[in-house]
Amino acid sequence: MPDLLIELFSEEIPARMQARAREDLKRLVTDGLVQAGLTYAGAGAFSTPRRLALTVQGLTAASPTTREERKGPRTDAPEAALEGFLRSTGLTRDQLEARDDKKGQVWFATIERPGRPAAQIVAEVLETTIRNFPWPKSMRWGSGSLRWVRPLHSILCIVSDEAGATVVPLTVDGIASGNITRGHRFMAPDAFTVSGFDDYAAKLRRARVMLDAEERASEIRSQADNLAFARGWRIVPDDALLAEVAGLVEWPVPLMGVIEERFLALPPEVLQTSMKEHQKFFSAQNPATGRIEGFVTVANIQTPDDGATILAGNQRVLAARLSDAAFFWENDLREAQSGMAAWAEGLGAVTFHNKLGSQADRVVRIAALAREIAPLVDADPDQAERAARLAKLDLRSAMVGEFPELQGTMGRYYALEACEPEAVADAARDHYSPLGPSDAVPSAPVSVAVALADKIDTLTGFWAIDEKPTGSKDPFALRRAALGVIRLIVANNLTVPLQSVMSTMVRKSDMLHAESDSEIVGPSPDQYLPDLLSFLHDRLKVFLRDQGIRHDIIDAVLAQEGNDDLVRVAARATALNAMLATEDGRNLTQGLKRAGNILAQAEAQDGVEYSFGADVKFAETDQERALFTALDEAEPAIRRAMAAEDYPAAMTAIAALRAPIDAFFEAVQVNTDHQIVRRNRLNLLSRIREAGRQIADFTRIDG
């Protein structure tokens, strides 16, 4: 079976697009080959800054001949129907066959499609792939019509087997395919021919090109670590930067430099961010001092002076960048030391949302809510309010203006310079967190109070103006805010009644808007707060499902009262999930659901509610009496466990009902003709239902 090798050689492809482009090339070509009738054993895609490559192993030499029978119109059908059928099959009338059918004679077409050589199919698929490649951004050049991410120079496309390699002929916008490629732009620019993937990869390496992006990343990491180790430093891990730099070079040559002493007083986050964003440098930290004292830059060429000239040029550019950062830092420090009043005033000019006011208006709301939340999270109310008033001030600083990703981080430094307590400064840094599912969750009480206030203000505000997420669109990151609220509460095991807290936020927000003679136009709180709580429940379901808890179990717990206490909901769901993973738990659920269904049917039929009066003296069987005894023991045990929020103990208590319930249903007919006995048994089922309801709505559990 032949192997296929494709290379699309161009000007430099942006690093951020390469990983997606590799997968798109593999998907589009292999899908196209399979749809045309070919099969293959395996495929692999590769990228460097100047090329996309694909190898397909074990490709069938040709597509199979296919034969298809297609039923057409009746022989006496209108001529137009027959002509349409002929067009769809590509046949003529004399090639059709009339056959008897249930309703008369019908035309049948036998369509034979001969197999085609793999090379012919590859040429068609590759041309279609190139012309329709889904680049996020593309360009045209010269007088041609082809669009590509950067000007495309050559197409390598060969099929190879034991007999040798053959070029697959195709031409795209004047670019003819061949078996020629080039190596490194500077160190090995000459063209050379290849005969297959192994030959291609080996010759590229000799021509100073590492084809595999993961290999380049591994080489950069290894060499950078070695350079740092030699100085007693360590490289600050940054996987995103590593992947990006691996997409910028074909032959990585890491070089280590030293940051000038005059810049070492800058916060390490400033040094790291400036070097990463502007120059794609890796930061090197001195463990002895905790400071960022060096950097690693990755060149794309080996030079006779071992990179000395490259490093000197990078040092000059870095010094200019860090001089700007030092200027911002010094100016910001002066403002921080003077109390940041100008920044506080400036927030009034920063619009948060045209319907929700400025950042200054928002700070007032967050500060009021942080004070309310503080006692619920064991935080000092004064510190929580103060932290909320300071948390957004760094948005007006020069440093955050230059590096927006440092918001919060710089706020902590400025708060400390203003002689604020460390808890207040930490809250200024932490109140944005958690930003995503893997981000660390703040645990310091003041930080938690401000972080919750910030996110709840965002959610209640946008619900108040009816700007909710729709489908995949979430321009204000409200799903992220909701997940942040959930993670803050659950990770810190906080008993926070969300319904009450959100109502407080709305009430204070309305008061503030009334004082400023502004009004929020939108649905009333009675309309949107239940919907907002439902939205939080939806995000909680996602959060708990990611932890392996079934959706129906989450629904069963959320159907109970007190479902705005997310810690309680999560704990109940976790314990119930664990119980239902056992055979006893699954069987118990069936018994509870059966009791509920029989009871619901009887109540609907009789028009009464069976919820009291079950008496053991009317029991006619040992199984009934045993169930009475089991319920007498289980009910108070469940109540005690639920009151103590000991949900595993509650599950153990209700699981003890499994055997008595099973025995009851095996031995007893509930809807007996004896009405007194029937009512007694239905009231007994009511006790079973109520025992389950203390924990969850078992009717919502599947199976």
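Here's the yes/no breakdown for (1) touching a residue at least 60 places away in the same chain (Cβ under 8 Å); (2) within 26 Å of A477 (Cβ to Cβ); (3) of a type in the set (V, I, T); (4) not assigned by TED's automatic domain parsing to the domain that holds M651:
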position: Q527; (1), (2), (3), (4): no, yes, no, yes
position: P530; (1), (2), (3), (4): no, yes, no, yes
position: F535; (1), (2), (3), (4): yes, yes, no, yes
position: R539; (1), (2), (3), (4): yes, yes, no, yes
position: V542; (1), (2), (3), (4): no, yes, yes, yes
position: H551; (1), (2), (3), (4): no, yes, no, yes
position: I554; (1), (2), (3), (4): no, yes, yes, yes
position: Q560; (1), (2), (3), (4): yes, no, no, yes
position: D564; (1), (2), (3), (4): yes, yes, no, yes
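In the set A602, A614, A630, only one residue is surrounded by 18 or more Cβ atoms within 10 Å (Cβ to Cβ), assigned to a loop (DSSP other than H, G, I, E, B) and among the aliphatic types (A, V, I, L, M); that residue is A614.
Consider A77 carefully, then state whether it is assigned to a loop (DSSP other than H, G, I, E, B) and either more than 29 Å from P169 (Cβ to Cβ) or in the same structural domain as W135 (by TED's automatic domain parsing) (or both).
Numbers: assigned to a loop (DSSP other than H, G, I, E, B): yes; either more than 29 Å from P169 (Cβ to Cβ) or in the same structural domain as W135 (by TED's automatic domain parsing) (or both): yes.
Yes, satisfied.
Scanning the range 1-56 for residues that are surrounded by fewer than 16 Cβ atoms within 10 Å (Cβ to Cβ), in contact with a Leu (Cβ under 9 Å, 6 or more places away or on another chain) and not in a loop (DSSP other than H, G, I, E, B) gives a single hit, G44.
Just checking, which of E112, E79, E68 is out of contact with any strand residue (DSSP E or B) (no Cβ under 6 Å at 6 or more places or on another chain), exposed (fewer than 12 other Cβ atoms within 10 Å of the Cβ) and not β-branched (V, I, T)?
Working: E112 fails: out of contact with any strand residue (DSSP E or B) (no Cβ under 6 Å at 6 or more places or on another chain); E68 fails: out of contact with any strand residue (DSSP E or B) (no Cβ under 6 Å at 6 or more places or on another chain).
Result of the check over E112, E79, E68: E79.
Per-residue answers, yes or no, for (1) crowded, with 22+ Cβ neighbours inside 10 Å; (2) touching a helix residue (DSSP H, G or I) at 6+ places or on another chain (Cβ under 8 Å); (3) of a type in the set (V, I, T):
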{"site": "Q407", "(1), (2), (3)": "no, yes, no"}
{"site": "G411", "(1), (2), (3)": "yes, yes, no"}
{"site": "C419", "(1), (2), (3)": "no, no, no"}
{"site": "E422", "(1), (2), (3)": "no, yes, no"}
{"site": "S443", "(1), (2), (3)": "no, yes, no"}
{"site": "A451", "(1), (2), (3)": "yes, yes, no"}
{"site": "K473", "(1), (2), (3)": "no, no, no"}
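So for the range 131-138 (the condition being assigned to a loop (DSSP other than H, G, I, E, B), assigned by TED's automatic domain parsing to the domain that holds E11, among the basic types (K, R) and at pLDDT 90 or above), does at least one residue qualify?
Step one: of the range 131-138, the residues assigned to a loop (DSSP other than H, G, I, E, B) are 132-138.
Still in the running and assigned by TED's automatic domain parsing to the domain that holds E11: 132-138.
The next check asks that each one be among the basic types (K, R); those that pass are 137.
Those still in the list that are at pLDDT 90 or above too: 137.
Yes; the residues of the range 131-138 include at least one that is assigned to a loop (DSSP other than H, G, I, E, B), assigned by TED's automatic domain parsing to the domain that holds E11, among the basic types (K, R) and at pLDDT 90 or above.
Within the range 618-633, residues that are of a type in the set (A, V, I, L, M) sit with their Cβ atoms under 6 Å from residues that are not in a helix (DSSP H, G or I), at 6+ positions apart or across chains, in these pairs: A630/L657. A Cβ distance below 9 Å, combined with a sequence gap of six or more or placement on separate chains, defines the contacts here; from the range 331-348, residues that are under 10 Å from S397 (Cβ atoms) reach residues that are of a type outside the set (F, W, Y) and surrounded by fewer than 16 Cβ atoms within 10 Å (Cβ to Cβ) in the pairs E335/A341; E335/A342. Within the range 556-596, being of a type in the set (S, T, Y) and either crowded, with 16+ Cβ neighbours inside 10 Å or within 30 Å of R678 (Cα to Cα) (or both) holds for T574, T589.
Any residue that is within 27 Å of T309 (Cα to Cα) and either not charged (D, E, K, R) or not assigned by TED's automatic domain parsing to the domain that holds K280 (or both) - is there at least one of those in the range 190-203? It would help to see each step written out before you state the result.
Taking the range 190-203 and keeping what is within 27 Å of T309 (Cα to Cα), we get 190.
So of that shortlist, the ones also either not charged (D, E, K, R) or not assigned by TED's automatic domain parsing to the domain that holds K280 (or both) come out as 190.
Yes, because at least one residue in the range 190-203 is within 27 Å of T309 (Cα to Cα) and either not charged (D, E, K, R) or not assigned by TED's automatic domain parsing to the domain that holds K280 (or both).
Test of understanding: among D332, D382, which residue is outside the structural domain of K468 (by TED's automatic domain parsing), within 25 Å of E420 (Cβ to Cβ) and more than 32 Å from the chain's Cα centre (by Cα)?
Details: D382 fails: outside the structural domain of K468 (by TED's automatic domain parsing).
Sole residue among the options that is outside the structural domain of K468 (by TED's automatic domain parsing), within 25 Å of E420 (Cβ to Cβ) and more than 32 Å from the chain's Cα centre (by Cα): D332.
The values are calculated or read from the model by the stated rules, or taken from the named source; none is laboratory data. The structure displayed is predicted, hence computed values, not measured ones. Every residue, glycine as well, gets a Cβ built from its backbone with ideal geometry; the counts of neighbours run over all protein chains shown.
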